[in-house]
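Shown next, in structure tokens, is the structure this report addresses.
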């Protein structure tokens, strides 16, 4: 359970802008590797491939092991994330959900006027 995570993969479907952003992320990573040394920086795993398009892969764990998060504060799951309490029950006594595990969700809503959103 401690490795249970939620993830998201973004792709620009081969658009020039997304391709450029992805290539720049790779270039920045290579710059840090040259400056710090390959042994001092983790491999870049956020850039992936989705069919024939570059993608940016992100994930976040639902839980922190209690022994690793002794200074963190436990927070409850929102009902949007865990409406039936399954994740809360799965944490047991050795894991907990903290601010570091929290993911915020946003929605773009149009108010009906052309170009107006909140």
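The values are calculated or read from the model by the stated rules, or taken from the named source; none is laboratory data. Every value quoted in this text rests on a predicted model; they were computed, and no experiment measured them. Cβ placement follows ideal geometry from the backbone for every residue including glycine, while neighbour counts extend to all protein chains displayed.
Would you be able to say whether some residue in region 100-115 is outside the structural domain of residue 13 (by TED's automatic domain parsing) and farther than 30 Å from residue 13 by Cβ?
Checked against the condition, which is being outside the structural domain of residue 13 (by TED's automatic domain parsing) and farther than 30 Å from residue 13 by Cβ, region 100-115 yields at least one hit.
Could you please find all residues in region 1-25 being within 25 Å of residue 103 (Cα to Cα) and assigned to a helix (DSSP H, G or I)?
18, 21, 22, 25, listed by residue number.
Among what's in region 34-46 and is out of contact with any strand residue (DSSP E or B) (no Cβ under 6 Å at 6 or more places or on another chain) and in a loop (DSSP other than H, G, I, E, B), pick the residue that is farthest from residue 100 (Cα to Cα).
Per the stated criteria, the residue is 37.
Got a number for residues in region 47-79 being at pLDDT below 90, touching a strand residue (DSSP E or B) at 6+ places or on another chain (Cβ under 7 Å) and assigned to a loop (DSSP other than H, G, I, E, B)?
Residues meeting the conditions: 1.
Does region 10-23 hold any residues that are over 19 Å from the mean Cα position of the chain (by Cα) and on the phi < 0 side of the Ramachandran plot, and which are they?
15, 16, 17, 19, 20, 23 - these are the residues of region 10-23 that are over 19 Å from the mean Cα position of the chain (by Cα) and on the phi < 0 side of the Ramachandran plot.
Which members of region 92-112 meet the condition of being within 21 Å of residue 3 (Cβ to Cβ) and within 20 Å of the chain's Cα centre (by Cα)?
Across region 92-112, the qualifying residues are 95, 96, 97, 98, 99, 100, 101, 102, 103.
How many residues are surrounded by 14 or more Cβ atoms within 10 Å (Cβ to Cβ) and closer than 18 Å to residue 90 by Cα when one looks only at region 45-64?
Looking only at that region, the number is 4.
Read through the list (1) part of a helix (DSSP H, G or I); (2) at pLDDT below 95, then give the number of the only condition that residue 31 fails.
Going through (1) part of a helix (DSSP H, G or I); (2) at pLDDT below 95 one by one, residue 31 breaks only (2).
Condition first: in a loop (DSSP other than H, G, I, E, B), at negative phi, out of contact with any strand residue (DSSP E or B) (no Cβ under 8 Å at 6 or more places or on another chain) and loosely packed, with under 13 Cβ neighbours inside 10 Å. Now tell me which residues in region 80-103 satisfy that.
80, 83, 84, 93, listed by residue number.
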